[in-house]
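The values are calculated or read from the model by the stated rules, or taken from the named source; none is laboratory data. All values derive from a computational prediction rather than experimental measurement. Methodologically, a virtual Cβ is constructed for each residue, glycine included, from the backbone with ideal geometry; neighbour enumeration extends over all protein chains shown.
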Amino acid sequence: MLILRCLQHHLLRTRHSSIFAISKRCLLVERIGNCDTMMSQVRQKLTEIVGSSKQWGTKTIQLSGRLAKSQAELPSRRMMDSYQEACIPLGSNPDLRESYINFFNRVRFGRISEDLDTMAGLKTFSIQPDRDILIRGHVSWVGSTSIEVSMDVDQKTKNGGWEKQLDAKFLMVARNPQTKGKAYISPLELITEEERKLFVEGEANKAKRQQENEKSLLRTPPTEQERRIIHDLFLCTLDDRAATFKHPVKPEGATWMEDTLLKNIHVCFPQERNLYNKIFGGFLMRQAFEMAWADACLFSHSPPTAVAVDDIMFRKPVEVGSLLFMSTQVVYTEGPYMQVKVHAEVVNPNTGEHETTNIFYYTFKCYAGDVPVVMPKSYSEYMMYIDGKRHFDDASGKRSHRSE
């Protein structure tokens, strides 16, 4: 499809089926599940459609000549036109299985996120490491320059059927490869009632994104309820004997948020580039997830399980050759759950300037029991705490009616 030529990532949401509720059916098409198409074929097909170079350093400006001047010039498409599914044959390919399992003999979610990213461009928790995985999806909503792709991850059961493990929504935007401005994409032709229903859900998701952006803590102060939470937390850190605000004391059983900070740096080599000679978004997601998992593991002193991935924002592309700094921090806890935020930024080695490229949010659960309460100390940490609570409440369905 023409609309795939200049897509860049904007946001990803995923939910795990056994912990946080997911929709019973977010795709228009029932699974075929014959495992005829492999992920390697998906990547090859995407390369052929886009027409990108196979070597690093080749320009992609020639692609801009294929762009439409307006959406009216493009033919309409149906949701079914974009349906794709691909198999990851973990049950029948031991060599491939080796690259998908971790040291607990579980499937690496970071690898699954890479494949979801690839599949979304063309269109693991309880997951068993020795059974085939099916990734499928299709376009579910289209604006003039943006597109939502709904994805499912299914796994073969013992009786030969398929069971849904995870769903995800990718929001992507089309860009002119030469000017970096907007590029128009084909409108959706809605024929059936189910297609119209999915499109309405996409419109609702767009409205929610706009609302959340307006209520961001970077734009507006915390709500009255959130301010009470901040003050109550602050009071917990005061020493009654000292009668001063200047020397916070860590409550018993708590951990300072600043002590959960982990940092890492990546040199972005051409081997991790995508079709447009930028760093592949799936690679960034895998690195961020594995770093967040390590942070949650150190914090809880137990191997955690991821239960939700929320709002992975790609604010700008990461150039090949960049120095990519990643920092992760536990920003909110509730019982056995931990909300972890990963912040990625590129650094100009000549000027030392930092620029944010990605923000990731993950929810983990510790099955060994409740985790320590994470305690903010500075005002910025209190804002991170409230922001983390908002994301946790969204993921767990608690924030449908937040107090204003």
> Identify, please: which residue in region 372-394 is within 24 Å of the chain's Cα centre (by Cα) and closer than 20 Å to Pro303 by Cα and is, among those, surrounded by the most Cβ atoms within 10 Å (Cβ to Cβ)?
Replying inline: Val374
> Pick from region 163-176 the residues that are among the hydrophobic types (A, V, I, L, M, F, W, C) and farther than 21 Å from Ile135 by Cα: which of them is surrounded by the most Cβ atoms within 10 Å (Cβ to Cβ)?
Replying inline: Ala174
> Which ones in region 69-92 are surrounded by 15 or more Cβ atoms within 10 Å (Cβ to Cβ) and among the small types (Gly, Ala, Ser)?
Replying inline: Ser82, Ala86, Gly91
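Residue by residue, here is whether (1) surrounded by 12 or more Cβ atoms within 10 Å (Cβ to Cβ); (2) at pLDDT 90 or above; (3) among the aliphatic types (A, V, I, L, M); (4) farther than 28 Å from Val340 by Cα holds:
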position: Gln178; (1), (2), (3), (4): yes, no, no, yes
position: Lys182; (1), (2), (3), (4): yes, no, no, yes
position: Glu194; (1), (2), (3), (4): yes, yes, no, yes
position: Lys208; (1), (2), (3), (4): no, no, no, no
>> Being assigned to a helix (DSSP H, G or I) and surrounded by 11 or more Cβ atoms within 10 Å (Cβ to Cβ) is the filter here; which residues of region 210-224 pass it?
In response: Glu212
> Scanning region 150-182 for residues that are in contact with a helix residue (DSSP H, G or I) (Cβ under 8 Å, 6 or more places away or on another chain) and assigned to a loop (DSSP other than H, G, I, E, B), which turns out nearest to Leu67 (Cα to Cα)?
Replying inline: Asn176
>> Among the residues of region 316-330, are any over 30 Å from Leu275 (Cα atoms), out of contact with any Gly (no Cβ under 6 Å at 6 or more places or on another chain) and in the same structural domain as Asp232 (by TED's automatic domain parsing)?
In response: yes
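If you take just the strands (runs of 3 or more DSSP E) that sit entirely in region 239-348, which of them hold at least 2 residues that are closer than 25 Å to Lys169 by Cα? Step through it out loud before you land on a result.
Details: elements: 254-256, 262-267, 305-314, 323-334, 337-347.
Per the criteria, 305-314, 323-334, 337-347.
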> Among the numbered criteria (1) at pLDDT 85 or above; (2) out of contact with any Leu (no Cβ under 7 Å at 6 or more places or on another chain), which single criterion is violated by Ser126?
Replying inline: (1)
> Which residue, of Val346, Val309, Val320, Val330, is farther than 22 Å from Val374 by Cα and surrounded by 20 or more Cβ atoms within 10 Å (Cβ to Cβ)?
Replying inline: Val346
> Out of (1) of a type outside the set (Asp, Glu); (2) over 30 Å from Ala72 (Cβ atoms); (3) at pLDDT 85 or above; (4) surrounded by fewer than 20 Cβ atoms within 10 Å (Cβ to Cβ), what's the single condition that is false for Val200?
Replying inline: (2)
